[in-house]
Amino acid sequence: LLSDIRGFTALAETFSAMTVVELLNRYFSRMTDVIVQYGGTIDKLMGDSIMVLFGAPTTEIDDVERAVACAVEMQRAMSDFNQQNAGLGLPDMYMGIGINTGEVVAGPVGSALHQEYTVIGDEVNLTSRIEAQSLRGQILISENTYRLAKSFVLVGEPNKVKVKGKREAVTLYDLQGTTRPRSMTVPRREIRKSPRVSVHMPCYFYRLNGKCVATEQFCGEVVDLS
């Protein structure tokens, strides 16, 4: 499981470093509580990202079930977290999550002076690509994860996406809820109100009258891309 805060760079540019650190520490504290509750192993914290393992260093029969439930609970926890932010005069924060299941190499990586326990493999790279496709408040799961969890998850229509490192498009599912270990749904966020990339780019266009192009040229401005 890989999670990431959407729009964090813009947030960091707006507030002081101390405010950002305090915000991140509260965020990590809340997310860690959820992850521990569902038996996840935090592999690493990377800036505003969290990498979580289910099935390493020990494997359980319900690894996928707990990973899915953990992701849903993490998104639900963001609602309370944003209420705290509002009370402190801070903006809402939104998180994207990607989940993938597969075979990896797990173990210590590093040198004699510094080592870290982590996982390495193509499935790890794919998880990162999946997470990068998620919008704010969204959880995307891979075909592998869906195949193992389809009896207890609610998903939207599958979507095929080209990702770096894969010749063929991969199928992703928008996770909307789970029934294990209890019924939970993912809060719906107003995704389209959050621009992925802010731009200021001129856009010239003509109006169509039926099938005829009018002669008058108009100029607009593209303000975000998603």
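The values are calculated or read from the model by the stated rules, or taken from the named source; none is laboratory data. In this text, all values refer to a predicted model and were calculated from it rather than measured experimentally. When we count neighbours, we look across all protein chains shown, and the Cβ atoms used for this are built from the backbone with ideal geometry, even at glycine. The protein model used for the area step is the full one, side chains on, heavy atoms only, and it has no ligands, DNA or RNA in it. Shrake-Rupley method; radii C 1.70, N 1.55, O 1.52, S 1.80 Å.
Remarks
- Checklist (1) touching a residue at least 24 places away in the same chain (Cβ under 8 Å); (2) part of a loop (DSSP other than H, G, I, E, B) applied to residue 151, failing item: (1)
- Qualifying residue in the range 155-171 (condition: polar (S, T, N, Q), without any contact (Cβ under 8 Å) to a residue 60 or more places away in the chain and assigned to a helix (DSSP H, G or I)): no
- Residue 124 vs. criteria open to solvent by 20 Å² or more (accessible area, probe 1.4 Å), over 17 Å from residue 178 (Cβ atoms) and either assigned to a helix (DSSP H, G or I) or aliphatic (A, V, I, L, M) (or both): yes
- Taking each residue of the range 5-27 that is within 18 Å of residue 45 (Cα to Cα) and looking for partners that are open to solvent by less than 50 Å² (accessible area, probe 1.4 Å) and aromatic (Phe, Trp, Tyr) with beta-carbon atoms closer than 6 Å, six or more apart or interchain, yields 6/94.
- Counted residues, the range 131-159 - those being touching a Leu at 6+ places or on another chain (Cβ under 7 Å) and open to solvent by less than 30 Å² (accessible area, probe 1.4 Å): 7
- Filtered by the rule that a residue be among the β-branched types (Val, Ile, Thr) and open to solvent by less than 60 Å² (accessible area, probe 1.4 Å), the range 29-41 gives 32, 34, 35, 41.
- Residue 185 being touching a residue at least 60 places away in the same chain (Cβ under 8 Å), open to solvent by 30 Å² or more (accessible area, probe 1.4 Å) and either touching a strand residue (DSSP E or B) at 6+ places or on another chain (Cβ under 9 Å) or under 22 Å from residue 92 (Cα atoms) (or both): yes
- Those helices (runs of 4 or more DSSP H) of the range 1-106 in which 1 or more residues are of a type in the set (A, V, I, L, M, F, W, C) and modelled with pLDDT of 95 or more occupy 17-37, 63-87.
- Contact map, the range 95-119: residues that are within 30 Å of residue 147 (Cβ to Cβ) paired with residues that are basic (Lys, Arg), Cβ distance under 6 Å, separation 6+ or inter-chain. Pairs shown: 96/6.
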